[in-house]
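Let me give you the structure first, and then I'll get to my questions.
The values are calculated or read from the model by the stated rules, or taken from the named source; none is laboratory data. Please read all numbers here as calculations on a predicted model, not as lab measurements. Glycine gets a Cβ as well: all are built from the backbone with ideal geometry, and neighbour counts include every protein chain shown.
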Amino acid sequence: MRVNQRIKISYLAFYIMVLIASCTSANQGHLKLIDDQATEETSNLYQNLNRLADKGIMFGHEDAMAYGISWNGEENRSDVKDVVGTHPAVHGYDLGQISSSSYNLDSVPFERMVTMIKDVYSRGGINTISWHMYNPATNGGSWDKDSVVKDMLPGGKYHEVFKGKLDKAAEFFSQLKSGNTFIPIIFRPFHEHNGDWFWWGKGNCSEEDYIQLWKFTVDYLKNTRQVHHLIYAFSPDRSRLNLTEAEKEYYYGYPGDDYVDIIGLDNYIDVRPGEENSQKEIDDYTTSLQLITKIAEEKQKIAALTETGLEKIPVPDWFTSRLLKPIKKSSQPIRISYILVWRNASTEHHFGPFPGHPSEQDFKKFYKDKMTLFENDLKNMYKSK
Ligand code: BMA
């Protein structure tokens, strides 16, 4: 073989290696939503969430614009904006009580929810909706553990009631429009199912019934109701996930790759002050995020810390030291799209910052950090790039 030929062949080998590496490395290509009829904006959002995860982590807050500490229902206000001058990148809402009331379980009027979702979209932000669904058998809340899931499946005595609830949700989703465009939503039903506190949780229904519940929900919204602007997030709870067998445990109730877009996790347990052994909690937090990063990469999906928070934030530097630093220091890369902290209901029950709170200065640092992304960092999340 002539030297020239050898050089050419090694160039070719190198090129092929680069090509293989770029195709197999973390979520490089075009990610596929489970809904192959997803609207263009929804598909664009999914691709952009993936791309943005290389740049940083979006900050999210539940009910951010609905109310805050000492205010309720003001236009264009959020506690986060009061502190740093811009809204969170991700806004959370909940559909709990949608079939029986005009306001949700946390007293947010559904009509206003529609307006807020439209406002967020018009400013380029992102909306996610969870659902503390009321128990179809008893009409009690999500925490009413009377057995019901089996009876909600086709042929069961509460199947029609369940479909009625899904119809209400579908009607709600169909109102989320900007002109003729449906507003893409990250939808996160039946969360924390590996815990035993909700009627759809472990011990209150079988794993198989949970899976069927999830699949029915997706199929009904997508195929029967033709809702095509949802990105589906699956979110077990870290407190019931033994980290020594985490990968296996994560899949409890997993409905399959064709039914999930976001590999989520709710984790409150590892971000607490840590009285005796906080290093262990920090390590567990890191491990849990490495876990969802890995699963999402393998499946070519997106990972997110779908719920977290420390009630009342009694640790003034919690946002930078407990939420962010472990991610930065992780020995293996953590690639998550967003972190969402729970709601600011009152001075006794809040997870986000607000003016005058001891964590305010630290939250400003958290905001200024290059890794965190807020509403003013988002550009054209619904457009093709
Ligand atoms: C819980 C608490 C409750 C609330 C529920 C649904 O964590 O915040 O007060 O009703 O979430 O938002």
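So how many residues does segment 213-225 have that are within 22 Å of Lys32 (Cα to Cα) and either touching a His at 6+ places or on another chain (Cβ under 7 Å) or in contact (Cβ under 8 Å) with a residue 24 or more places away in the chain (or both)? Give the derivation first.
Taking segment 213-225 as the starting set, the residues that turn out to be within 22 Å of Lys32 (Cα to Cα) are 214-225.
From what's left, either touching a His at 6+ places or on another chain (Cβ under 7 Å) or in contact (Cβ under 8 Å) with a residue 24 or more places away in the chain (or both): 214-218, 220-222, 225.
Qualifying residue count for the region: 9.
Another one. Across segment 332-343, which residue is farthest from the ligand (Cβ to nearest atom) among those that are outside any loop (DSSP other than H, G, I, E, B) and not aromatic (Phe, Trp, Tyr)?
Ile339
Of all residues being acidic (Asp, Glu) and in a loop (DSSP other than H, G, I, E, B) in segment 253-279, which is surrounded by the most Cβ atoms within 10 Å (Cβ to Cβ)? Just the residue, please.
Asp261
Right, something else. Check Leu45 against each of (1) touching a Pro at 6+ places or on another chain (Cβ under 8 Å); (2) away from the ligand (no atom under 16 Å from the Cβ); (3) part of a loop (DSSP other than H, G, I, E, B) and name the one condition it does not meet.
(3)
A further question follows. Can you pull out the residues in segment 51-89 that are surrounded by 21 or more Cβ atoms within 10 Å (Cβ to Cβ), part of a loop (DSSP other than H, G, I, E, B) and hydrophobic (A, V, I, L, M, F, W, C)?
Within segment 51-89, Ala53, Ala64, Met65, Ala66, Ala89 qualify.
In addition: What's the total number of residues in segment 31-63 that are more than 22 Å from Lys370 (Cα to Cα) and of a type in the set (A, V, I, L, M, F, W, C)?
Of the residues in segment 31-63, 4 are more than 22 Å from Lys370 (Cα to Cα) and of a type in the set (A, V, I, L, M, F, W, C).
Of the residues Ser331, Ser346, which is among the polar types (S, T, N, Q), surrounded by fewer than 16 Cβ atoms within 10 Å (Cβ to Cβ) and closer than 28 Å to Tyr121 by Cα?
Ser346
Moving to a separate point now. Among Ser330, Ser346, which is over 30 Å from Gly29 (Cβ atoms) and of a type in the set (S, T, N, Q)? Full working, then the answer.
Values: Ser330 fails: over 30 Å from Gly29 (Cβ atoms).
Just one listed residue meets the conditions, Ser346.
Of all residues in segment 86-104 being touching a helix residue (DSSP H, G or I) at 6+ places or on another chain (Cβ under 8 Å) and in contact (Cβ under 8 Å) with a residue 60 or more places away in the chain, which is nearest to the ligand (Cβ to nearest atom)?
Per the criteria, the residue is Leu95.
Looking at Lys294, Lys329, which one is away from the ligand (no atom under 16 Å from the Cβ) and within 28 Å of Leu45 (Cα to Cα)?
On the way: Lys329 fails: within 28 Å of Leu45 (Cα to Cα).
The conditions single out Lys294.
Sticking with this one: Looking at segment 176-188, can you tell me whether even one residue there is of a type in the set (Ser, Thr, Tyr), more than 16 Å from the ligand (Cβ to nearest atom), assigned to a loop (DSSP other than H, G, I, E, B) and at pLDDT 95 or above?
no
Further, regarding this structure: Of all the residues that make up segment 257-281, how many are free of Cβ contacts under 8 Å to residues at least 40 places away in the same chain and not polar (S, T, N, Q)? Break it down stepwise before answering.
Keep residues of segment 257-281 that are free of Cβ contacts under 8 Å to residues at least 40 places away in the same chain, which gives 269-270, 272, 274-281.
Next, from what is left, pick out any that are not polar (S, T, N, Q): 269-270, 272, 274-276, 280-281.
The total comes to 8.
Mind listing whichever residues of segment 105-138 are within 14 Å of the ligand (Cβ to nearest atom), over 18 Å from Gly68 (Cα atoms), outside any strand (DSSP E or B) and in contact with a Lys or Arg (Cβ under 9 Å, 6 or more places away or on another chain)?
Scanning segment 105-138 gives Met133, Tyr134.
Please state which one of Lys163, Lys157, Lys81, Lys150 is among the charged types (D, E, K, R) and in contact with a His (Cβ under 7 Å, 6 or more places away or on another chain).
Only one candidate qualifies: Lys81.
To continue, here is another question. Can you pull out every residue in segment 233-245 that is buried (at least 20 other Cβ atoms within 10 Å of the Cβ) and either within 12 Å of Ile302 (Cβ to Cβ) or not basic (Lys, Arg) (or both)?
Ala233, Phe234, Ser235, Pro236, Asp237, Leu241
Turning to a different aspect of this structure: Just the residues that are surrounded by fewer than 22 Cβ atoms within 10 Å (Cβ to Cβ) and among the hydrophobic types (A, V, I, L, M, F, W, C), please, taken from segment 199-211.
Ile211
Name every residue in segment 204-252 that is farther than 18 Å from Lys163 by Cβ, of a type in the set (S, T, N, Q) and part of a helix (DSSP H, G or I), in order of residue number.
Within segment 204-252, Ser239, Thr244 meet the criteria.
Count, please, the residues in segment 344-364 that happen to be within 16 Å of the ligand (Cβ to nearest atom), of a type in the set (Ser, Thr, Tyr) and out of contact with any Lys or Arg (no Cβ under 9 Å at 6 or more places or on another chain).
Residues in segment 344-364 being within 16 Å of the ligand (Cβ to nearest atom), of a type in the set (Ser, Thr, Tyr) and out of contact with any Lys or Arg (no Cβ under 9 Å at 6 or more places or on another chain): 1 in total.
Same structure, new question: If we scan segment 75-84, do we find a residue that is within 16 Å of the ligand (Cβ to nearest atom) and in contact (Cβ under 8 Å) with a residue 12 or more places away in the chain?
Yes, some residue in segment 75-84 is within 16 Å of the ligand (Cβ to nearest atom) and in contact (Cβ under 8 Å) with a residue 12 or more places away in the chain.
Just a yes or no: is a residue in segment 58-65 more than 30 Å from Arg225 (Cβ to Cβ) and at pLDDT 95 or above?
Let us first name the residues in segment 58-65 that are more than 30 Å from Arg225 (Cβ to Cβ), namely 59.
If we keep only those that are at pLDDT 95 or above too, we end up with 59.
Looking through segment 58-65, at least one residue is more than 30 Å from Arg225 (Cβ to Cβ) and at pLDDT 95 or above.
Moving on to the next point. Go through segment 139-148 and count every residue that is surrounded by 17 or more Cβ atoms within 10 Å (Cβ to Cβ), within 16 Å of the ligand (Cβ to nearest atom) and not basic (Lys, Arg).
Residues flagged as surrounded by 17 or more Cβ atoms within 10 Å (Cβ to Cβ), within 16 Å of the ligand (Cβ to nearest atom) and not basic (Lys, Arg) within segment 139-148 amount to 1.
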